[in-house]
Amino acid sequence: DTGVSQDPRHKITKRGQNVTFRCDPISEHNRLYWYRQTLGQGPEFLTYFQNEAQLEKSRLLSDRFSAERPKGSFSTLEIQRTEQGDSAMYLCASSLVHGDTQYFGPGTRLTVL
Amino acid sequence: GIQVEQSPPDLILQEGANSTLRCNFSDSVNNLQWFHQNPWGQLINLFYIPSGTKQNGRLSATTVATERYSLLYISSSQTTDSGVYFCAVVERGADGLTFGKGTHLIIQP
């Protein structure tokens with residue numbers, strides 16, 4: 001069991017650029033979650049997948065944010081036309097089933113200049 | 001949506017002291033987890049405890065679901081216990097975790 005991995009760990013970009021983050025969940029975990037954490041706050045839930053189906057989108061912060069999990073394994077989170085307010089830690093988590101323990105990856109820290 | 005309140009927000013203790021962190025939540029939950037966030041931002045699972053009591057070494061946790069609170073106990077604190085402790089819940093009928101604002105714990109040598 002290798003744990004949840006995320007790539008890259010750090011990303012610096014200029015305002016207006018698009019960025020994409022990857023998350024690899026624990027193998028055999030059907031559920032995959034994305035969260036955002038800003039400085040001094042707890043993580044905030046964004047979206048989640050059951051296998052390849054995205055079952056919650058309404059918490060995504062704007063239509064510039066989108067996520068995919070095309071084969072039910074890894075997932076990507078894309079932010080288009082980044083803004084300085086998007087600077088945050090983006091965290092991914094996975095769980096075996098609904099209501100089970102969620103295990104978090106190390107996060108991707110995004111800085112928008 | 002569900003509200004999660006953690007107290008105290010900040011706690012400074014000497015090495016060897018014991019501490020109790022509290023988490024109150026406003027509605028029924030399917031899941032309650034306690035995490036320790038290290039200085040690099042990694043969320044480390046401490047307990048999955050939607051009800052009952054669990055112990056792991058110097059740490060223990062109790063959740064009283066009917067009264068909508070959970071407690072995290074840290075005994076014989078060490079400097080490596082420093083960091084932010086988060087309580088997070090999954091509301092009944094929902095899926096994502098809702099986090100409290102955390103307790104920032106500093107253990108001084």
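The values are calculated or read from the model by the stated rules, or taken from the named source; none is laboratory data. Predicted, not measured: the structure shown is a model, and the values here were computed from it. Here the Cβ positions follow ideal geometry from the backbone for every residue, glycine too, while neighbour counts run over all protein chains shown. Calculation scope for accessible area: heavy atoms of the full protein, side chains included, ligands and nucleic acids excluded. Shrake-Rupley method; radii C 1.70, N 1.55, O 1.52, S 1.80 Å.
Residue count for region B:5-30 under the criterion of being within 12 Å of another protein chain (Cβ to nearest Cβ) and touching a Phe, Trp or Tyr at 6+ places or on another chain (Cβ under 7 Å): the result is 1.
Residues of region A:65-80 that are more than 14 Å from the chain's Cα centre (by Cα) and open to solvent by less than 60 Å² (accessible area, probe 1.4 Å): A:72 alone.
Scanning region B:1-41 for residues that are assigned to a strand (DSSP E or B) and of a type in the set (Phe, Trp, Tyr) returns B:25, B:34, B:35. Only one of the listed residues (A:108, A:20) is of a type in the set (Ser, Thr, Tyr), in contact with a strand residue (DSSP E or B) (Cβ under 7 Å, 6 or more places away or on another chain), farther than 20 Å from residue B:91 by Cβ and open to solvent by 50 Å² or more (accessible area, probe 1.4 Å). That residue is A:20. What tally of residues in region B:81-109 results from selecting those that are buried (at least 16 other Cβ atoms within 10 Å of the Cβ), free of Cβ contacts under 8 Å to residues at least 40 places away in the same chain and under 21 Å from residue A:99 (Cα atoms)? Within region B:81-109, residues that are buried (at least 16 other Cβ atoms within 10 Å of the Cβ), free of Cβ contacts under 8 Å to residues at least 40 places away in the same chain and under 21 Å from residue A:99 (Cα atoms) number 2. A single member of A:62, A:58, A:27 is closer than 13 Å to residue A:78 by Cα and hydroxyl-bearing (Ser, Thr, Tyr), and it is A:62. Among the conditions (1) within 21 Å of residue A:104 (Cα to Cα); (2) within 12 Å of chain A (Cβ to nearest Cβ); (3) out of contact with any helix residue (DSSP H, G or I) (no Cβ under 9 Å at 6 or more places or on another chain), residue B:83 misses just one, which is (2). From the set of residues in region B:42-80 that are outside any loop (DSSP other than H, G, I, E, B) and touching a residue at least 40 places away in the same chain (Cβ under 8 Å), which is surrounded by the fewest Cβ atoms within 10 Å (Cβ to Cβ)? Checked region B:42-80; the qualifying residue surrounded by the fewest Cβ atoms within 10 Å (Cβ to Cβ) is B:79. Restricting attention to region A:81-97, the residues that are surrounded by 15 or more Cβ atoms within 10 Å (Cβ to Cβ) and either over 21 Å from residue B:42 (Cα atoms) or of a type in the set (Lys, Arg) (or both) total 1.
Within region A:61-68, can one find any residue that is at pLDDT below 95 and of a type in the set (A, V, I, L, M)? Yes, region A:61-68 has at least one match. Of all residues in region A:10-31, those that are more than 22 Å from residue B:97 (Cβ to Cβ) and of a type in the set (D, E, K, R) total 3.
Within region B:19-38, not a single residue is out of contact with any Pro (no Cβ under 7 Å at 6 or more places or on another chain), of a type in the set (A, V, I, L, M, F, W, C) and open to solvent by 20 Å² or more (accessible area, probe 1.4 Å). Open to solvent by 50 Å² or more (accessible area, probe 1.4 Å) and in contact with a Pro (Cβ under 7 Å, 6 or more places away or on another chain), is that true of residue A:52? In short, yes.
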